[in-house]
Amino acid sequence: MSGDVDPKPGFIRTYVFSTDHKMIAKQYLFLGIFYLLIAGLFAVQIRMQLAHPDAEAPLIGKALWPQTDGKMPPEFYNMLFTMHGSLMVFFAITPIVIGAFGNFVIPLQIGAKDMAFPILNMLSFWVMFIGGIVMAASFFVPHGAATAGWTAYASLSSSSEVTSPILGHGQTFWLLGIAFAGTSSLMGGINYIVTVLNFRCRGMKLLRMPLTTWGLFFTAILNVLWVPVVAAALFMVLVDRLFGTSFFMAGPLASVEGGQPLLYQHLFWGFGHPEVYILILPVWGLVGDLLSVFSRKPAFGYKATVYSMATIVILSQIVWGHHLFTSGMNPLLGHVFVFLTITISVPTSIFFLNWLATLWRGAIRLTEPMLYALGIVFVFCIGGLTGLFNALQALDIYVHDTYFVVGHFHYTLAASVLFGVFAGIHYWFPKMFGRNMNARMAKVHFCLTFIFLNCVFFSMMYVGAGGHMRRISDPTTYTFLKDFQVWNRFMGYSTLALAAAQLLFAWNFFHSLFFGKKAQQNPWQANTLEWSAPTPPPHGNFLSPPKVARGPYEFNSPLSGDRDWLMQDDPAATASDS
Amino acid sequence: MEATSSIDPELEFTSTGVNSSKLGMWIFLASEVMFFTGLIGSYIVLRLGSDTWPDPSQHLATSVLAINTFVLICSSLSMVLGLQAISQGDQKKLTKYLLITILLGTTFLVIKVADYVHMIHNNFTITSSLFGSCYYFLTGFHGLHVAGGIVTLVVVLIMAKKGRFSKSHYDMVECTGLYWHFVDLVWIILFAILCLV
Amino acid sequence: MSTAPTSSSFSPLKVFAWLTILTVLEIGLTYVDLSKPTLAAGLILSAIAKAILVALYFMHMKFEGKLIWGMVVASIFVGVIFLVGLVPDIVVGYWR
Amino acid sequence: MPYPTRASADAHLIDDLFNLAIISTSIAFLIVLAMLTYFVIVGIRRSRGHYTHGTSKQAYIFTALFAIVVFIGLDVNLAYFDQKAYGVVFSRVPEPKNNLVVQVFAKQFEWNFRYAGTDEKFGTDDDIMTVNQLVVPTKTDVILKMQSLDVVHCLFLPSLRMKQDVLPGMTVSLIFQANLTTKAEKERRNDPEWVFEIACAEFCGLNHSDMKGKFLILEKDEYTTWEEEQSIAAADFVAPEVWEHWMDGNSEEKSE
């Protein structure tokens, strides 16, 4: 069933239109890193604008904006935070965490030769690539890229003659770009679910799969279910913009009465909340995996973690209302969503319990992936707990649309998932590219990123508690925000330092691609199947189809003799235990 | 998750026994269910929420739409007969039924486009009212899905002509059939909720 | 390796006949001057009946294993729950 | 914590809730941090990990207990105080005699306010219209009836810890009672330019960050004098065409 392999595939078939899941993973990785770089630069510009709102931008200011003699005009700032959010969520994190890790890891960890539908897999990358091109093109369209926020709320995004004149074609390009990214996620989701369900090798029962594969499997389910809903909402906005229909147009602006902007907010956040769990689920799986590998100890409560992930997949689809507490939603509905949202902290606390219990009495090896994994546990604890503030109706009405919310989701998204990206890249780099990354440089990069990350995002929450609104380009004009300007400047310089620290990772990554030390087959001495495949794995992944005899985390098991790890498909030990 | 199947027992635990392409198509149909939940759901909710909703029979030619529904149900029938034919290995009958399905599908589209032109002619357009927006948007998207189905059916017809399908290997026909029946099912719901009530 | 549906003995023509009858019934219903809600209820009922007919027989749902059933029922359930969540705000509308 | 000054009697409930949430989550965070660092420090020296799957009975009991304690201690506790605070701050019932209705029109990049003036009726020519300035008396229930002309805005009153999205096509209302006058705050801070402020919290387009306004809180008698002065001046003042879009809508009866 896997792709037919002609004897000597040429350059095009191996590198460009390859149907090999490992090559597609690398393509997703490089696309994701490219957009991570761009959206990261936008973040630096945003923070520097907030640090010095009325200062002239150094060097390029005069050239870019002669009419405001170097000062950043508001529409550029609006474009910055819109594209920072949209590119990060749909074109940086999704390709790396779900595209690259998912494509590379799922077939290898379940012992399959390739994905269920290789051609669909290749198409899913190229549809994401086209989406990326459309988003990049939207910068060069007259009036520039979209400026309605990554949430593109209804009446602002859906009416083209609204008085802020800058809503030119950029918003339409944005809608098309996101539609492409959504289709790509949908195609990828179908592929992942069928591969996990039908292509596991002999003996690989569902409850013997590593936690990373579980995370990616649940992500695929949420993707398949909820991406079409936001596609429907975005098509309605597109039709409102282009053909003048009135789904979300109300009040004086609507030519025909009947539309409701609140419907867009419900449709968007109906997808929005599962989307943020789509991005974090693979990282949860990765953390469970890494903590067990580098504590040389089986993952504590494997089944409890899997069932908690399943509970969160179900719960995440019924709590979208906590994004709408201030939006004119029925307050009774608000009470219901408060109680539904706080139940999510039960499965999350079980994650933390299992992570800490895995570390308990373990032989900790502080390798780079382990450092990042511990970093994730730290930042996600802050991120998860501050989520509680936003779940409370009365408190959320105060902190909604302030930097407190921005700080919260940057802790869960920009910190935890970013560390997940670094952990995944460091952990699978030897297997993906056959070379090792420089360990010392990675540890320095971890420490710097960890420090500056916390500087920026914690002060975001501090400033947000003081009522500092988000998405405003010039906070100094508000008297009640005047004394937060010193914090904004502090955040500006910490972001500069954070960006500088990423050069270390970029250098480490691209240098080791060609000049890293040759990697052995199992550098981290882990048990999962991808480490029993040769490095770098050939087209069919495994020389002979593996036969799994035990769970993925049999470290220090009595059967493994003097070595403290026992490969999943190691026939040596007779007793096929759990 | 255990499905009784004829796969060798060792793989018993590690595959659901359901044919992969059929499983993939059903997952795609689950996402289509969510897509049409988004669309038709919004229509239902908007309609119940707005107090001035025109009576559809004023604007729509219900008889033409009824014929259209009948055409689509016939195409579903011919698809099923084609599928039963190939499951007994009869390739010639499969190509015949596939041809009928494609012809019926195109007549459905032709009737729909003619209906659109007629209605726009007596100015019931997409911007004339929220009902107009919903009607054209929903039936338009459904029409796109039917067009996509016809393109796939043509591909399947070409493969059937080349004899690529046999008694034991006809996944592609089965999946296209599933998709076609789903599109027919959506039209059945749309016809009742959008056009008649 | 397609698993032929084991007992797929249903006659497509019978199902087709039922579908046509129900469609004709629906159209007939519109000519009877019922109040709007009862007309809507009748139409929705017949639409659901037809949909179940198509799904069970034409799409072989009747002969599928638990996995496919579970998926379809789950996605319909998720969709319905989401729409029910919309009702208090868009249909009833607290402020409107 | 850097909360803005409180201008209403029950805004402190929100701040107390914020502090309670900070304390309880910090405790939880410190416990996790302590366990994390302890296990890592002790774990580095160990050479062989302990072989346990955590599937023993005590493990499951401990997990269930841990989850219940976290849920009760953290969530139910916070949700209880939250719903209590919501019941007081955001579901205030205006007393019939002692209330003031102010109509608010959010337009792209400015707030328009309309007061009924001395004759307590809107639409008469003694109505007062101000732009980007909300003037309210203290110790009276103020009902803001808000609509938007174009896109979704959000009236943010940081000093009252209140925020309400203003949507086109419907009239949302916000009910509060201020108890601290701007003059008293000025003296306390002895900074003459100090003023309470209004902001737009929902991104609404190009000049979203300039869509701010002043929130002037006067004593009751000062307010009545201000009202009379303005009403006389309003006679020859032409109402901006914005207000012709104001739809009275059926929301009048609903929230009375």
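The values are calculated or read from the model by the stated rules, or taken from the named source; none is laboratory data. All figures in this text were calculated on a predicted structure; none of them were measured in a lab. Methodologically, a virtual Cβ is constructed for each residue, glycine included, from the backbone with ideal geometry; neighbour enumeration extends over all protein chains shown.
From D:190, D:179, which residue is polar (S, T, N, Q) and out of contact with any strand residue (DSSP E or B) (no Cβ under 7 Å at 6 or more places or on another chain)?
D:190
Against the conditions (1) within 27 Å of residue A:389 (Cα to Cα); (2) surrounded by fewer than 21 Cβ atoms within 10 Å (Cβ to Cβ), where does residue D:110 fall short? Just the number, please.
Going through the list (1) within 27 Å of residue A:389 (Cα to Cα); (2) surrounded by fewer than 21 Cβ atoms within 10 Å (Cβ to Cβ), residue D:110 breaks only (1).
Identify the residue in the stretch D:55-113 that is among the basic types (Lys, Arg) and not in a helix (DSSP H, G or I) and, among all such residues, is nearest to residue A:399 (Cα to Cα). Give the derivation first.
Going residue by residue through the stretch D:55-113, those that are among the basic types (Lys, Arg) are D:57, D:84, D:92, D:97, D:107.
Remaining after also requiring not in a helix (DSSP H, G or I): D:92, D:97, D:107.
On the way: D:92: 20, D:97: 33, D:107: 23 Å.
Of everything passing the filter in the stretch D:55-113, D:92 is nearest to residue A:399 (Cα to Cα).
Could you tell me whether residue A:367 is hydroxyl-bearing (Ser, Thr, Tyr) and either at pLDDT 95 or above or within 26 Å of residue A:464 (Cβ to Cβ) (or both)?
Numbers: hydroxyl-bearing (Ser, Thr, Tyr): yes; either at pLDDT 95 or above or within 26 Å of residue A:464 (Cβ to Cβ) (or both): no.
No, not satisfied.
It is to be established whether one or more residues within the stretch A:198-212 are of a type in the set (A, V, I, L, M), closer than 30 Å to residue D:205 by Cα and surrounded by fewer than 23 Cβ atoms within 10 Å (Cβ to Cβ).
No, the stretch A:198-212 contains no residue that is of a type in the set (A, V, I, L, M), closer than 30 Å to residue D:205 by Cα and surrounded by fewer than 23 Cβ atoms within 10 Å (Cβ to Cβ).
How about the stretch B:79-126: which of its residues are over 18 Å from residue B:163 (Cβ atoms) and of a type in the set (Gly, Ala, Ser)?
If we filter the stretch B:79-126 for residues that are over 18 Å from residue B:163 (Cβ atoms), which is where we start, we get B:79-81, B:84, B:100-126.
Of everything in the stretch B:79-126, those that are over 18 Å from residue B:163 (Cβ atoms) and of a type in the set (Gly, Ala, Ser) turn out to be B:105, B:114.
Which one of these does residue B:51 not meet: (1) within 12 Å of another protein chain (Cβ to nearest Cβ); (2) free of Cβ contacts under 8 Å to residues at least 24 places away in the same chain; (3) in contact with a helix residue (DSSP H, G or I) (Cβ under 9 Å, 6 or more places away or on another chain)?
So the condition that residue B:51 fails would be (3).
Any chance the stretch C:46-55 includes a residue that's more than 30 Å from residue B:21 (Cα to Cα), in a helix (DSSP H, G or I) and not aromatic (Phe, Trp, Tyr)? Please lay out each step first, then the result.
In the first step, residues of the stretch C:46-55 are kept if they are more than 30 Å from residue B:21 (Cα to Cα); the result is C:46.
From the residues that got through so far, the ones that are in a helix (DSSP H, G or I) too are C:46.
Then keep just the ones that are not aromatic (Phe, Trp, Tyr); that gives C:46.
The answer is yes; a qualifying residue exists.
Could you list, in sequence order, all residues of the stretch D:67-84 that are at the interface with chain A (Cβ under 7 Å from one of its Cβ atoms) and surrounded by fewer than 18 Cβ atoms within 10 Å (Cβ to Cβ)? Please lay out each step first, then the result.
Our first condition is that a residue be at the interface with chain A (Cβ under 7 Å from one of its Cβ atoms); within the stretch D:67-84, this holds for D:67, D:70-71, D:74-75, D:78-79, D:82-83.
Result: D:71, D:83.
Can you name every residue in the stretch A:305-334 that is at the interface with another protein chain (Cβ under 7 Å from one of its Cβ atoms), within 14 Å of residue D:86 (Cα to Cα), outside any helix (DSSP H, G or I) and not hydroxyl-bearing (Ser, Thr, Tyr)?
Across the stretch A:305-334, the qualifying residue is only A:330.
Can you confirm whether the stretch C:59-66 contains a residue that is closer than 19 Å to residue B:62 by Cα, within 9 Å of chain B (Cβ to nearest Cβ) and of a type in the set (Lys, Arg)? Steps first, please.
Quick first cut of the stretch C:59-66, residues closer than 19 Å to residue B:62 by Cα only: none.
Within the stretch C:59-66 (the criterion being closer than 19 Å to residue B:62 by Cα, within 9 Å of chain B (Cβ to nearest Cβ) and of a type in the set (Lys, Arg)), the answer is no, since none of the residues qualifies.
Can you find a residue in the stretch A:472-479 that is out of contact with any Gly (no Cβ under 8 Å at 6 or more places or on another chain), of a type in the set (A, V, I, L, M), within 14 Å of chain D (Cβ to nearest Cβ) and at negative phi? Before you say what the answer is, go through the steps one by one.
Applying the first criterion (out of contact with any Gly (no Cβ under 8 Å at 6 or more places or on another chain)) to the stretch A:472-479 yields A:472-479.
Checking which are of a type in the set (A, V, I, L, M) leaves us with A:472.
From what's left, within 14 Å of chain D (Cβ to nearest Cβ): A:472.
Narrowing further to those that are at negative phi: A:472.
So far as the stretch A:472-479 goes, yes, one or more of its residues are out of contact with any Gly (no Cβ under 8 Å at 6 or more places or on another chain), of a type in the set (A, V, I, L, M), within 14 Å of chain D (Cβ to nearest Cβ) and at negative phi.
Residues in the stretch D:207-256 that are more than 14 Å from every other protein chain (Cβ to nearest Cβ), modelled with pLDDT under 85, assigned to a loop (DSSP other than H, G, I, E, B) and surrounded by 11 or more Cβ atoms within 10 Å (Cβ to Cβ): how many?
Going through the stretch D:207-256 one residue at a time, the tally reaches 2.
If I ask for residues that are more than 8 Å from chain C (Cβ to nearest Cβ) and free of Cβ contacts under 8 Å to residues at least 24 places away in the same chain, which ones from the stretch B:158-187 would you list?
Listed by number, the residues that qualify are B:158, B:159, B:162, B:164.
List the pairs whose first member sits in the stretch C:36-58 and is crowded, with 19+ Cβ neighbours inside 10 Å, whose second member is not in a helix (DSSP H, G or I), and whose Cβ atoms are under 6 Å apart, counting only residues at least 6 apart or on separate chains?
C:43/B:197; C:57/C:10
Picking from A:315, A:332, A:353, which residue would you name as being under 22 Å from residue D:76 (Cβ atoms), surrounded by 23 or more Cβ atoms within 10 Å (Cβ to Cβ), free of Cβ contacts under 8 Å to residues at least 60 places away in the same chain and not basic (Lys, Arg)?
Details: A:315 fails: surrounded by 23 or more Cβ atoms within 10 Å (Cβ to Cβ); A:332 fails: surrounded by 23 or more Cβ atoms within 10 Å (Cβ to Cβ).
That would be A:353, the only listed residue that is under 22 Å from residue D:76 (Cβ atoms), surrounded by 23 or more Cβ atoms within 10 Å (Cβ to Cβ), free of Cβ contacts under 8 Å to residues at least 60 places away in the same chain and not basic (Lys, Arg).
Do the conditions hold for residue D:176, that is, is it in a strand (DSSP E or B) and within 30 Å of residue C:90 (Cα to Cα)?
Working: in a strand (DSSP E or B): yes; within 30 Å of residue C:90 (Cα to Cα): yes.
Criteria met by residue D:176.
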